[in-house]
Structures are given as C-alpha cells and as structure tokens.
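As structure tokens, the structure follows; a few thoughts come after it.
The values are calculated or read from the model by the stated rules, or taken from the named source; none is laboratory data. Everything numeric in this text was worked out from a predicted model, so none of it was measured. Here the Cβ positions follow ideal geometry from the backbone for every residue, glycine too, while neighbour counts run over all protein chains shown. Ligands, DNA and RNA are excluded from the accessible area calculation, which covers all protein heavy atoms including side chains. Shrake-Rupley method; radii C 1.70, N 1.55, O 1.52, S 1.80 Å.
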Amino acid sequence: VSFDLPEYSANVDALGALRVLEAAKNAKRPIKIYQASSSEMFGGAPPPQRETTPFRPQSPYAYSKVFAYHAAVNYREAYGMFVCNGILFNHESPRRGETFVTRKITRGIARVKAGLDKKIYLGNLDARRDWGYAPEYCEAMWAMMQHEKPDDYVIATGEAHSVREFLEEAFRVAGLGEYQKYVEIDPRYFRPTEVDVLVGDATKARNVIGWEPKVTFKELVRIMVEADINLIDKKNIQ
C-alpha cells in the first residue's frame, strides 16, 4: 500500500512519530515513548539483522520508519527523553489485518473450507520472513519500557520461513491437502522492490531484558488457521 500512497505513508510513519516526540518534549513531564520500528527498515541488508545492521529500506513504509527511528534516537540523546525503538520482525496473530499475507492465507483457507471461495490470490511465495507470535512481542515491548535505561532492541525468533512454507503448513493444519489447487499468483501483489529475506538476531533482547520467543512457527500457523476457521463457523451459524 505504501507504494501507492508514499506521501500518506511518510506523513503517518515519519512525521507522525516526530509530532509525538515533539509533543512529549514540550510537555516537560516524564513521558516514556515506545517507537514501533520495523524489520522492513533493514530491507536489502544481508541476514541475520541485528541492532548494528545498516538499514537498506525498500519501500516508502520502510524509509518512513527509518526516519522515525533516527528521530527517536535523536530525541533520546538530545533531550534525555525515555524513548525506545522496538525493531519488531513480523509478529502475527488472529488479529492480524486481512491484507497481510499470513492472515490473507489463514482467512482464505477458512473461506475455502466453508465453500465461500475457491481461490486465494497471492504474490511472491519465495519471500522469507521471521514470523513470531504477537502477544509475546507485546511482552518484549513492555519489558524494554520497564528497563532502567531506554534503548533499541531487535525482537525476532531467529528463524526464517518462506510464504510457501507458511502456505504448506496452513493447508496441512486445515486438512485441505496440497495448496496448489487453491492458490493463484497475481502479479498485482508483487512489490516494485522486493525484500527477499528478513531474519532477526534478538541476542541483545535476551541478554538485557530477558526476552525470548516460545511459540514455534508451526504453533503460530495452527493458532491462526484454527482461529479463522472458528470465526467463519460462528458467522455461518449466526
């Protein structure tokens, strides 16, 4: 979406963060700020990506997030404010937006299984991402905000899986067999500049704030697939 609306993306993700930082500074009160940074900032940087990895953003969303990241660091250093950048890699759950590929897959499977759709339309199946469970990542966000010193942290599982792997596991969980029967590739969903591999190194988070992931990739897929199937079933009953 950010390729279609670059100015909107920059206004929200870059200037929006700047406005919050400036408002907090002018409030002259002890305000803590969590800046939601993104693994997309790393873009084309070779994996694994950690806090010291140079950013190579590949989308308007990503370079807007880079602006916000550096603004957060600058306000922390210039004004002594408590500002943390949480560089979260893909964090998924049944609450994920329906335009994100993981939820698009699990919701699509539920609709196919219920006889509401026949096909799921996707883009690049070879893109590899570091997928974790969102509630655990929220715990990491909370932990970094409780630490005595504000800092920046990569939050990730350290494992990369392709969209194709997610598809295969999701269809296995749903009992629908091979995904090829139901999935069509639509060129509209390919990005102008693709990010091939994102996989994070959360060593710092483990050592400093004591955080590490527990939910595995397969468990995450099962949670999301079952949640969407149950959601469709409830709607059909109603």
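May I have the extent of the alpha carbons of region 1-98 along their three principal axes, as whole Å values ordered from largest to smallest?
That works out to 37, 29, 28 Å along the principal axes.
Just to be sure I understand the model, the point goes 7 Å from the Cα along the line to the Cβ. What's the resulting GLU77 to ASP196 distance in nm?
The modelled label-to-label distance comes out at 3.2 nm.
Points 7 angstrom from Cα along the Cβ direction at GLU51 and ALA36: gap in nanometres?
Taking the simple label geometry, GLU51 and ALA36 are separated by 2.2 nm.
Show which aspartates and glutamates lie in cross-link reach of LYS119 when reach means a straight Cα distance below 12 angstrom and same-chain residues fewer than eight apart are skipped.
Within reach: GLU184, ASP186.
When ligands, DNA and RNA are left out and all protein chains stay put, how many square angstrom of accessible area per residue does region 72-187 have with a 1.4 Å probe?
46 Å²
What order, most packed first, do the peptides 162-172, 51-61 have when packing is the mean number of other Cβ atoms within 10 Å of each residue?
Ranking, from highest mean packing down: 162-172, 51-61.
Counting only protein heavy atoms and using a 1.4 Å probe, what share of the accessible area of region 158-213 belongs to carbon plus sulfur, as a whole percent?
Of the solvent-accessible surface of region 158-213, carbon and sulfur hold 46 percent.
Using the beta-carbon distance between LYS149 and ASP126 and R0 = 45 Å, what value does 1/(1 + (r/R0)^6) give for FRET efficiency, to the nearest 0.05?
Here the calculated transfer efficiency is 0.65.
What ranking, highest mean first, results for peptides 204-217, 74-87, 22-35 when packing means the other Cβ atoms within 10 Å averaged over each residue?
Going by the mean number of other Cβ atoms within 10 Å, highest first, we get 74-87, 204-217, 22-35.
Between ASN207 and SER162, what length in nm is gained on full extension when 0.36 nm per residue of separation is reduced by their alpha carbon distance?
Extra length available between ASN207 and SER162 comes to 13.4 nm.
Less than 28 Å apart at the alpha-carbon level, and either on another chain or at least 8 residues along: which lysines does that give for LYS28?
Reachable lysines: LYS65, LYS149.
Placing +1 on the Cβ of each Lys and Arg and -1 on the Cβ of each Asp and Glu in region 54-167, which of ASN74, SER64, MET141 has its Cα farthest towards the positive end of the resulting dipole?
The residue sitting farthest along the positive end of the dipole is SER64.
Between LYS119 and ARG95, what is the spin-label point distance in nm, taking each point 7 Å from the Cα along the Cα→C-beta axis?
Distance between the two pseudo-spin positions: 3.4 nm.
Expressed as a whole number of Å, what is the distance separating the alpha-carbon centroids of region 1-48 and region 52-102?
Rounded to whole Å, the Cα centres lie 6 Å apart.
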